[in-house]
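Have a look at the structure below before the remarks.
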Amino acid sequence: LDRPRALSGIQPTAGSFHLGNYLGAIRQYVALQETHDAFYTVVDLHAITVPQDPAELRANSRLAAAQLLASGLDPDRCTLFIQSHVPEHAQLGWVMNCLTGFGEASRMTQFKDKSAKQGADRSTVGLFTYPILQVADILLYQANHVPVGEDQRQHIELTRDLADRFNGRFGETFTVPDAYIVKETGKIYDLQDPTVKMSKSASTPKGIVNLLDEPKVSAKKIKSAVTDLETEIRFDEEKKPGVSNLLTIYSTLTGDSIKELEGKYEGKGYGALKTDLAEVLVEWVTPFRERTQEYLGDPGTLDGILAKGADKARAVAAETLALAYDKVGF
Ligand code: ADP
Ligand code: NA
């Protein structure tokens, strides 16, 4: 099997995934199943970097897995597992902690944002070292490509730096991965403030489309998306970020190019674009929600998929960890 490896992780924290997660990351997970030896993990270790309710976390991890399957992940063509089922993540994470400079970790902008939001005093050390655990997640699978949204670019750079550092100090051990970020959808914007990314932690309820919400609710959010005072439907991220964001979402969900959509809506108003996009979205989320419910309604099958995934992941992770432990002198 000479396919390149892909690895990505997604947090179970919010319950429902949002449209940014789907278009920025999960769509690529689905595509890379065809070309890569692909590993996808629900990162519950990352989820406890902020306070969690245990029963809720357990339910949300399964819900996350159900949504990934409903999105099109096929357990026969990729490896899907829960991070805590594979203890090697925490074990390699420790080694990576000991290779990372304190100043280097302090420069991670996502930590600064998240800890500012929590109040610096209430932030955990786990939140601080989160990106380093993420490094271990990726290096354990010798991943070549890491499908993520634009906001993860700095963490992938850190991963590359630490892989190089380990290899330089102890000898060739880890594959140095590349971020796999699709330019068009790497950053989906908040519907109410199209200058910032749609985000489970920062967006207001009206700014974020949650995939498991009632389709009617999501349609309404699309219809009240912030645009601009012009009327022309044209892709221009600088001058028309709201309209451009809607065009990106529309284009990605339907496969119509931006050019085609600009032509289709020539001389028509924003209302027409929003009404049609709302419909496109409802048509996509309705079967997605049904498939998610089907997986949740069949816990035996879901648990079987995750157990098999953990076994497959562990075989690879254990081999890499043994190699790394040997190199550091364990
Ligand atoms: P959030 O950023 O909402 O907290 P996660 O950190 O769990 O969500 O992100 C999961 C994946 O979704 C990551 O690969 C991330 O880069 C991607 N992602 C999150 N928000 C967006 C967005 N607005 N546009 C594109 N990709 C996104
Ligand atoms: Na993120």
Which of the residues spanning the stretch 171-200 are more than 13 Å from ligand 2 (Cβ to nearest atom), assigned to a loop (DSSP other than H, G, I, E, B), surrounded by fewer than 21 Cβ atoms within 10 Å (Cβ to Cβ) and among the charged types (D, E, K, R)? Glu172, Lys183, Glu184, Asp193
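Can you pull out the helices (runs of 4 or more DSSP H) entirely within the stretch 48-160 that have at least 1 residues that are surrounded by 22 or more Cβ atoms within 10 Å (Cβ to Cβ) and in contact with a Ser or Thr (Cβ under 7 Å, 6 or more places away or on another chain)?
54-71, 125-139
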Scanning the stretch 124-183 residue by residue, the ones that are acidic (Asp, Glu), in contact with a strand residue (DSSP E or B) (Cβ under 7 Å, 6 or more places away or on another chain) and either away from ligand 1 (no atom under 16 Å from the Cβ) or closer than 22 Å to Gly329 by Cβ (or both) total 0
Which ones in the stretch 28-43 are crowded, with 21+ Cβ neighbours inside 10 Å and among the aliphatic types (A, V, I, L, M)? Leu32, Ala38, Val42, Val43
Among the residues in the stretch 201-211, are any of a type outside the set (D, E, K, R), within 16 Å of ligand 2 (Cβ to nearest atom), under 29 Å from Glu290 (Cβ atoms) and at pLDDT below 95? yes
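Among the residues of the stretch 240-268, which ones are of a type in the set (Val, Ile, Thr) and touching a Ser or Thr at 6+ places or on another chain (Cβ under 6 Å)? Full working, then the answer.
Of all residues in the stretch 240-268, those of a type in the set (Val, Ile, Thr) come to 243, 248-249, 252, 254, 258.
Of everything in the stretch 240-268, those that are of a type in the set (Val, Ile, Thr) and touching a Ser or Thr at 6+ places or on another chain (Cβ under 6 Å) turn out to be Val243, Thr252, Ile258.
Against the definition (more than 11 Å from ligand 1 (Cβ to nearest atom) and closer than 18 Å to His155 by Cβ), how does Leu45 come out, yes or no? Write out each step before concluding.
Details: more than 11 Å from ligand 1 (Cβ to nearest atom): yes; closer than 18 Å to His155 by Cβ: yes.
Spelling it out, Leu45 is indeed more than 11 Å from ligand 1 (Cβ to nearest atom) and closer than 18 Å to His155 by Cβ.
The values are calculated or read from the model by the stated rules, or taken from the named source; none is laboratory data. Just so we're clear, the structure is a prediction, and the values are computed from it rather than from any experiment. Backbone-built Cβ (ideal geometry, glycine too); neighbour counts: all protein chains shown.
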